[in-house]
């Protein structure tokens, strides 16, 4: 496959899956890998939509980790969406994964309500008026709520999900109150959370959340996940997630 300038093909080291990335753009991070592992127990034959799919990494990994039937990836940046489409083609997954170049705010014009069994999302973590704004638009849109807010992502998720459909998100712990308030408002009940720590001596910097649309209130906590050992090597749990 012919690559564009500054692009490379990375081996995901899982079922021979590969992905195209642009080193000057926003490459996928460990958060997307952890989210795909967190969501892998979704029901058989599910129809899945990934909001803000970026490189397409979550859907590509889930296609190998689950028995889901169909995946839709929604990405607002045309160049990134086009690259994700080429990754889908590279893996010969065109019959299973579709990439849509669209703003999530417009999805009500494309899909009927209650169209999906599962929503997964790794949305921008930062509000527009917080943090350092990156000069490169790709990274800016990926990291800051410029085109859609956290509440927008959760609102459209509620619209798309069937009753008792599953919602999976990775985000920052400092936004947890905002996330839970928005989920409750949209009748997506928080059911499971898992905190991710760089190591045992640092604070959690990621949180994985599962919700169920119109589910009954009952929140469980999975064991904390630590990424690195004290010597800087990956923990056994991370190595298992990376299939190493």
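Need one word for the range 1-122: rounded, prolate or oblate. Basis is the Cα gyration tensor (sqrt eigenvalues a ≥ b ≥ c); a/c below 1.5 gives rounded, then a/b vs b/c decides. Oblate, because a/c is 1.5 or more while a/b does not exceed b/c. Fully extending the segment from residue 102 to residue 43, taken as 0.36 nm per residue of separation minus the present Cα-Cα distance, adds 18.6 nm. Taken along the Cα-to-beta-carbon direction at a fixed 7 Å, the label points for residue 164 and residue 231 span 4.8 nm.
Potential lengthening of the chain between residue 222 and residue 82 amounts to 46.8 nm, from the contour at 0.36 nm per residue minus the alpha-carbon distance.
Site pair residue 69 and residue 23 shows an inter-label distance of 4.3 nm when each label is modelled 7 Å from Cα along Cα→Cβ. The label-point distance for residue 110 and residue 240, in a model that sets each label 7 Å from Cα toward Cβ, rounds to 3.6 nm.
Taking a label point 7 Å from the Cα of residue 199 along the Cα→Cβ vector, which residues of the range 217-232 have an amide N closer than 14 Å to it? Residues 226-232 fall inside that zone. In terms of the mean number of neighbouring beta-carbon atoms within 10 Å, the peptides 181-192, 220-231 order highest first as 181-192, 220-231. The fewest-to-most ranking of 193, 179, 49 by surrounding Cβ atoms within 10 Å reads 193, 179, 49. Taking Cα atoms of the range 162-208, Rg/Rh with Kirkwood Rh, to two decimals? Reported Rg/Rh, Kirkwood definition of Rh: 1.04. Ordered by the count of other Cβ atoms within 10 Å of each Cβ, fewest first, 74, 119 give 74, 119. Note on 197, 44: ascending count of other Cβ atoms within 10 Å places them as 44, 197, the fewest first.
Look at where the Cα atoms of the range 9-44 and of the range 158-174 average out, and the two centres are 19 Å apart. Across the chain, the fraction of Cα-Cα pairs farther apart than 25 Å, rounded to a whole number, is 40%.
Among beta bridges from DSSP that stay inside the chain, the antiparallel ones total about 45%.
Read-outs: derived from the displayed coordinates by stated rules, not from any lab. Keep in mind that what you see is a predicted model, and the values were worked out from it rather than measured. Using ideal geometry, Cβ is built from the backbone for each residue, glycine included, and neighbour counts are taken over all protein chains shown.
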